[in-house]
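A.B. asks: Structure incoming, see below.
The values are calculated or read from the model by the stated rules, or taken from the named source; none is laboratory data. Since this is a predicted model, take the numbers as computed values, not measurements. Cβ coordinates were reconstructed from backbone atoms using ideal geometry, including for glycine residues, and neighbour counts include every protein chain displayed.
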Amino acid sequence: MVAIAALLAALAIALAWPVPVLLSRASWPSRAPATALALWEAIALAGGLSMIGFLLAFGAAPAGSLPAAFAQLMPVLVGGPIPLAFGVLQVAALTLAAAVALLLVANLIFVAVRAERERRRQHQLVDVLSDPMPGEPRTRVLAHPAPIAYCVPGIRTATVLTEGLIEALEPDELAAVIAHERTHLDQLHHLVRLAFRAWHSALPWFPIANRAERAVITLTEMLADDGARRAVGSGALGRALDRVGNPESHAFADTTSNSGPDAAMLTARLDRLADRGTGVGDLPAATRGTVLAASVALVAVPVVAFVAILT
């Protein structure tokens, strides 16, 4: 158990700082955003499991397994005395593990419920304030001069455009914007962002949570760009971004995280579409396979460790 605790502690530390920092500074994710997104998801999941698993393994070490530790501690939880094999640190580790797990789960539920309420409110407002766009299913038009485009996910999805956006763009550019927003909806990007937003809000003092959320937002924007690029072409999407994609315009806004593209994200996306150093282009199959295998391995290590802790 001590060896398992040491392994999980080392993995948790690595996934809490050096690994995410290196990944956030790497250039290859823009070439393969789906692969990079899978790696970020693995880092977040494995990091959380490793942190909780370390606390459980360390706390249960005197008993040899987590079930044995609970069997020894639960009968004396209120009346005491605590068995001599367990010290203050072991009891504190088990308590902290339960608290962290409860915090993460409760916050995920809270964020999901709040997001669902916001989506329902958005759908109600869109139904009242907008009109269907002729020839474009699931697309609504708001009578507003600012160039804005966003999507509202849910069982019933909607892509919302303003009259100001329609007037500002050429037909192929407008088609690129619509394709971009529909890719967000079709690939369920709001669910991925919700998980990382919940992680960040649960641990706001954890610096890597903010870095991970920003990276995931950028990668999902790039994936949506790829959907638009396949439908219309890089040129039309690049021109649309150049015209109305600046942060002040609030075009390409995201109602699921209350954010739009910042200047750095916009520059990265434009450079990628123009193939200026970080352009569109898949990774070699061997590299992509290595990254995906590493993602699976990252999650497998704490899962196997949990099995060992429970037996």
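A.B. asks: Do any residues in segment 159-178 that are touching a residue at least 12 places away in the same chain (Cβ under 8 Å) have Cβ atoms under 9 Å from those of residues that are in a loop (DSSP other than H, G, I, E, B) and polar (S, T, N, Q), where the two are at least six apart or on different chains, and which pairs are they?
C.D. replies: What qualifies is V160/T255.
A.B. asks: Take segment 6-53 and flag every residue that is among the polar types (S, T, N, Q) and crowded, with 22+ Cβ neighbours inside 10 Å.
C.D. replies: Within segment 6-53, S50 is the sole residue that qualifies.
A.B. asks: Here's a follow-up. Given (1) farther than 25 Å from A240 by Cα; (2) under 27 Å from the mean Cα position of the chain (by Cα); (3) among the aliphatic types (A, V, I, L, M); (4) modelled with pLDDT of 95 or more, where does V152 come up short, assuming only one miss?
C.D. replies: (1)
A.B. asks: Restricting to segment 45-69, name every residue that is of a type in the set (A, V, I, L, M) and more than 26 Å from S295 (Cβ to Cβ).
C.D. replies: A60, A61, A63, L66, A68, A69
A.B. asks: Could I ask something else about it? Can you tell me how many residues in segment 110-159 are over 15 Å from E181 (Cβ atoms) and either part of a strand (DSSP E or B) or acidic (D, E) (or both)?
C.D. replies: Of the residues in that region, 5 qualify.
A.B. asks: Right, here's the next one. So, P83, is that one surrounded by 12 or more Cβ atoms within 10 Å (Cβ to Cβ) and part of a loop (DSSP other than H, G, I, E, B) or not?
C.D. replies: yes
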